[in-house]
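**Q** So that we are looking at the same thing, I have put the structure below in structure tokens.
The values are calculated or read from the model by the stated rules, or taken from the named source; none is laboratory data. These numbers were taken from a predicted model, which means no experiment stands behind them. Note: accessible area is taken over every heavy atom of the protein model, side chains too, but ligands, DNA and RNA are not part of it. Shrake-Rupley method; radii C 1.70, N 1.55, O 1.52, S 1.80 Å.
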Amino acid sequence: MPPGRPASAWTRRLLLLLFIVSGACGLVYQLAWMRRLALVFGSTTLAISTVLAAFMGGLALGSWWIGRRADRDPDNTLRLYAYLEIAIGLIALAIPLLFRGVEAIYLSLAPALEQSPRIFFVAQFLLIAPVIVIPTMLMGGTLPLLARYLDVRRTTEALCRPLSPEDHVLQAMPDVSPTKWHLAHVSWFFETFL
């Protein structure tokens, strides 16, 4: 931890940096997926609209669904955020293989669907959407988790501000953790090792 700065401010800056890098990676994924699908679908307009619809839908769905979980379990939001980022990275590595499978199915269906463009577009979307929606749902869940973490951290620090350093080590009873342990369990790793 840099000297002279409060640990929580430093942690917030680190999390903001990680979130920005994660968002930039999400945009790179989106561009790569659009270019890859343009090669498969043969029409850039269809590729872009399919990726955009699935991408934005996945972000919204993930924000809603994972955000609800963050509200139910606010003490583990930072850990869940880390798991989401790891899962996004692993799924991103698997996407090219999944696209190959989609491409094989698409190429076998294409001759039969050439005469009806609407069904053709729906088939394209139904093939691609599940592949894209899963990682984008995870991406959409990262913001509510970080927001909930920062809210819990801010509230905890506000509650502890009037306490003296000696009060932070008191344990009122065996079932209650001292204040310093409550503060530490939320962001111990970041404030200790980074």
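**Q** With θ set to phi - 60°, apply the Karplus curve 6.51 cos²θ - 1.76 cosθ + 1.60 along region 26-34 and write out the HN-Hα couplings as whole Hz, x wherever there is a Gly or Pro.
**A** Couplings: x, 5, 5, 4, 4, 5, 5, 5, 5 Hz.
**Q** Now, a different point. Please compute the per residue accessible area over region 28-97 with all protein chains in place, 1.4 Å probe, rounded to a whole number of Å². Intermediate values should be presented prior to the final figure.
**A** Values: 3960 Å² over 70 residues.
In whole numbers, region 28-97 has 57 Å² accessible per residue.
**Q** Can I ask one more? How long is the gain from ALA32 to SER164 if the chain were fully straight, where each residue apart is worth 0.36 nm and the alpha carbon distance is subtracted?
**A** On the way: separation 132, 0.36 × 132 = 47.52 nm, distance 5.32 nm.
Once the chain is fully extended between ALA32 and SER164, it gains 42.2 nm.
**Q** Right, another one. Considering only protein heavy atoms and a probe of 1.4 Å, how much of the accessible area of region 34-118 is carbon and sulfur, as a whole percent?
**A** Values: 3360 of 5230 Å².
Accessible surface attributable to carbon and sulfur in region 34-118 totals 64 percent.
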